[in-house]
1. Given the Cα-Cα distance of LYS154 and ALA80 and 0.36 nm per residue of separation, how much length would full extension add, in nm?
2. Could you give me the radius of gyration and the Dmax of the chain, taking only the C-alpha atoms into account and expressing both in angstrom?
3. Whole percent per 5 Å bin, from 0 to the bin with the longest distance: what is P(r) over all C-alpha pairs of segment 139-231?
4. Of the accessible area of the chain, with the probe set at 1.4 angstrom, what percent is carbon plus sulfur?
5. From the protein chains alone at 1.4 Å, what is the descending order of accessible area for THR251, THR43, THR218, largest first?
6. Let's see if you can work this out: charge +1 on each Lys and Arg Cβ, -1 on each Asp and Glu Cβ, no other charges. What is the dipole magnitude of segment 116-212 about its Cα centre, in debye to the nearest 20?
7. Just reorder HIS146, HIS255 by solvent-accessible area, largest first, 1.4 Å probe, all chains present.
8. Could you work out the per residue convex hull volume over the alpha carbons of segment 92-198, in cubic angstrom?
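The values are calculated or read from the model by the stated rules, or taken from the named source; none is laboratory data. As the structure is a computational prediction, the values presented were derived from the model and not from experiment. Cβ coordinates were reconstructed from backbone atoms using ideal geometry, including for glycine residues, and neighbour counts include every protein chain displayed. Note: accessible area is taken over every heavy atom of the protein model, side chains too, but ligands, DNA and RNA are not part of it. Shrake-Rupley method; radii C 1.70, N 1.55, O 1.52, S 1.80 Å.
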Amino acid sequence: MQQFIIVTGMSGAGKTMTLKVLEDFGFITIDNLPPALLPQLFTLISERPEASRNRGVVATVDVRNVSKDFVKVIDDISMAWGGDVKVLFLTASDEELLRRYERTRRVHPLSHGRSTKEGIRTEREILAPVLDRADIILDTSMMDLHQHRDRLLKEFFDKDGGISILISSFGYKYGVPQDSSFIIDVRCLPNPYYLDELKNLTGEDEPVKKYLLDFQETHKFIELTKNFLDFFIPQFLNNVRGQLHISVGCTGGRHRSVAMAEWLGEIYSKLYSGVCVIHRDKGHGHQ
């Protein structure tokens, strides 16, 4: 069995979508499995490797089935196998979760006798220990179905075995990614948005990069950021469980943050395997 993935997280954050995508690409999927049955499932599949269809197994766990010993069950499985057991935690902002429940008119699993907002708050409290244990945290607040699918494919089908360092750009006007490990704010750099010839370009375009590099403060910012990350990255990867997500933000997530994320991606992809760069908001606006 190549991978054993346990998917959990906030209700409404995309567990069903995740299950469908991974099933389409060869995983055996089990929906809403009680944690007490995870060891039996793992043992059954491990003894019949042909059943994993060369990909592995994905099991989702709903908040209603998360018990106090859930984290211990996961750790016991990891120790028993010593293989690629990963916990994928899906989350989204409270505002986005509320919008999704209003749009679908579904009832939050913990909102019986209380408001949806109260149900979401209670769910976050229950899942806090699981969030701390998660190997991968995926914030789907600003993702459409295509972006969600693309991120999963990069995570679980990358030729180097997945993403160890994710560098993403975002716009503050659209919200800070909740799954960030570290945030770099580049709003202090000159803004290409105010030049007509650059306004409709992005930080992936050479004219925007050249404009930013014409300023000494950009070079100094890159130098100081690299000095810190050269210390921070190995410390994080060696001492903290899970994936490192470095988020780079500017006002609209189109110019400065995109360029900086690209530069950091170029630097650290030469030093580490599994480095991925994504741009969350470059198509949303023009700042």
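1. Full extension from LYS154 to ALA80 adds 23.9 nm.
2. Considering the chain through its Cα atoms, Rg and Dmax are 20.4, 63 Å.
3. Histogramming segment 139-231 at 5 Å steps yields 2, 10, 16, 19, 19, 18, 13, 4, 0 percent.
4. Summing carbon and sulfur atoms, their accessible area is 51 percent of the total for the chain.
5. In descending accessible area the options line up as THR43, THR251, THR218.
6. 160
7. HIS146, HIS255
8. Convex hull volume per residue, Cα atoms: 175 Å³.
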